[in-house]
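What follows is one structure encoded as structure tokens, with my remarks underneath.
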Amino acid sequence: MQRIHRRSFYSNANYYKYRSPVQRPRKTMGLCNTIVKLPPNVQTFHPHQITPRHFIIPSQIPSFCPHFRQLARRTNHDPHPLQFGNQLATRPADFPEDARGFLYYYSPSDQNPIAGSLRFRLAKEATRKAFIEGSDLRMDHGIPWALPIYEIATSPSFESLWKILVLDGLAPPHMLKACEALGVVPDSVFIAGLGVPWAVDFSYEYSRLYICVPGMHPIPLMIRHPWFNRQVTPDSPVSGRAVLSIIQLSDSTYGLRINKILRLKQEIHVQGALLPEEGQVTPLRVRAVVRTTKLTEERIRRLEQAAVSPVYRLPWAHENPSPLDIYRHMPISLTREERPPPNGRHQVPPHMASAKLLSTNSRLLEI
């Protein structure tokens with residue numbers, strides 16, 4: 001029997017609540033709950049303050065070693081699956097024994113800081129030059145390992161990591177409030193730039209993303225998968241997994257690219273069906289995330305152009321970003337009126353007038 005559970009979402013600068021007949025979200029299983037205790041030599045994650053003394057070998061730190069992650073077979077279900085869909089989950093794993101280098105905070109200056117994360121920089125030796133010239137540790141499917149800022153802020157296991165970020169000036173008090181207000185499940189996909197990859201299962205009809213436009217609250221969005229055509233068959237013709245990304249094409253339009261196919265098997269032979277191929281680019285198609293179940297499919301489709309508009313404001317994500325490019329938080333003494341607007345003028349999304357989109361209820365973060 002389903003329970004009536006009150007859910008909260010942002011509406012302009014306030015919360016609004018409504019009742020929906022969904023099950024209470026169950027405790028997320030699979031993530032490691034070991035409390036992290038780093039060695040005394042790790043006292044900063046700020047890339048400008050990294051020194052040779054911060055060099056570590058994660059496999060030799062018992063409390064930190066199990067916090068590496070790999071793709072899991074299961075999926076994470078959103079409390080509102082009909083609106084937000086499912087996403088791939090990760091499982092805890094041990095850091096590779098040959099991994100050695102530096103922990104540092106990754107948050108490019110031109111991206112929304114709510115999408116920042118802690119990464120591990122592989123280095124051949126304990127020198128600052130090796131840190132700068134190194135590369136980020138990647139999981140088996142090719143995406144860099146990262147601990148998102150919202151997980152560090154809300155999980156008791158990472159309290160020691162959060163204290164270091166606060167001392168570094170990378171996590172001001174308003175960042176904690178913003179992370180606590182997100183209300184997302186672990187392994188949620190935050191897209192802060194074009195080209196940022198995420199993993200997907202071919203059996204899904206949509207990818208659930210959170211578009212992180214600079215200066216705004218993360219906006220939920222569902223990306224349609226081109227190989228899934230419900231008008232032809234209610235099931236996906238293929239199974240397996242892949243890594244996708246959103247890119248901008250030469251004609252200024254946007255497309256969905258299959259960066260890498262991890263596993264592929266054709267389950268149903270459908271005439272004219274589009275089969276996924278590595279490097280394949282198709283036009284970007286989205287589905288609006290709405291805050292009501294009373295809208296018809298036809299009306300939801302009319303909102304697609306407004307729903308995709310936040311993607312147009314995303315900056316390009318560098319393929320090999322510099323670890324020294326770090327977001328600088330403004331002094332808390334500056335009021336919102338004193339802060340310079342982006343690009344020297346106030347930008348208003350083209351869909352702000354629509355009241356049916358959750359994305360219309362974006363809120364400027366105090367970050």
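The values are calculated or read from the model by the stated rules, or taken from the named source; none is laboratory data. Just so it is clear, the model here is predicted, and its values are computed rather than measured. Methodologically, a virtual Cβ is constructed for each residue, glycine included, from the backbone with ideal geometry; neighbour enumeration extends over all protein chains shown.
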Residue selected from region 141-183 under the condition acidic (Asp, Glu) and within 19 Å of the chain's Cα centre (by Cα), by the criterion surrounded by the most Cβ atoms within 10 Å (Cβ to Cβ): GLU151
Residue in region 127-144 that is under 30 Å from TYR206 (Cβ atoms), of a type in the set (Gly, Ala, Ser) and touching a Phe, Trp or Tyr at 6+ places or on another chain (Cβ under 6 Å) present: no
Qualifying residues in region 300-321 (those that are over 16 Å from ASN112 (Cα atoms) and among the hydrophobic types (A, V, I, L, M, F, W, C)) - the one surrounded by the fewest Cβ atoms within 10 Å (Cβ to Cβ): ILE300
Residue check, ARG263 surrounded by 18 or more Cβ atoms within 10 Å (Cβ to Cβ) and at pLDDT 75 or above: no
Conditions (1) surrounded by 21 or more Cβ atoms within 10 Å (Cβ to Cβ); (2) at pLDDT 95 or above; (3) among the aliphatic types (A, V, I, L, M); (4) in contact with a Leu (Cβ under 7 Å, 6 or more places away or on another chain): number failed by ALA99: (1)
Candidates PRO108, PRO96 - the one that is in a loop (DSSP other than H, G, I, E, B), on the phi < 0 side of the Ramachandran plot and touching a strand residue (DSSP E or B) at 6+ places or on another chain (Cβ under 9 Å): PRO96
Within region 134-152, tally of residues that are at pLDDT 95 or above and acidic (Asp, Glu): 1
Hey, LEU209 closer than 28 Å to HIS329 by Cα and without any contact (Cβ under 8 Å) to a residue 60 or more places away in the chain or not: yes
Within region 287-302, considering residues that are in a loop (DSSP other than H, G, I, E, B) and out of contact with any helix residue (DSSP H, G or I) (no Cβ under 8 Å at 6 or more places or on another chain), the one modelled with the highest pLDDT: THR296
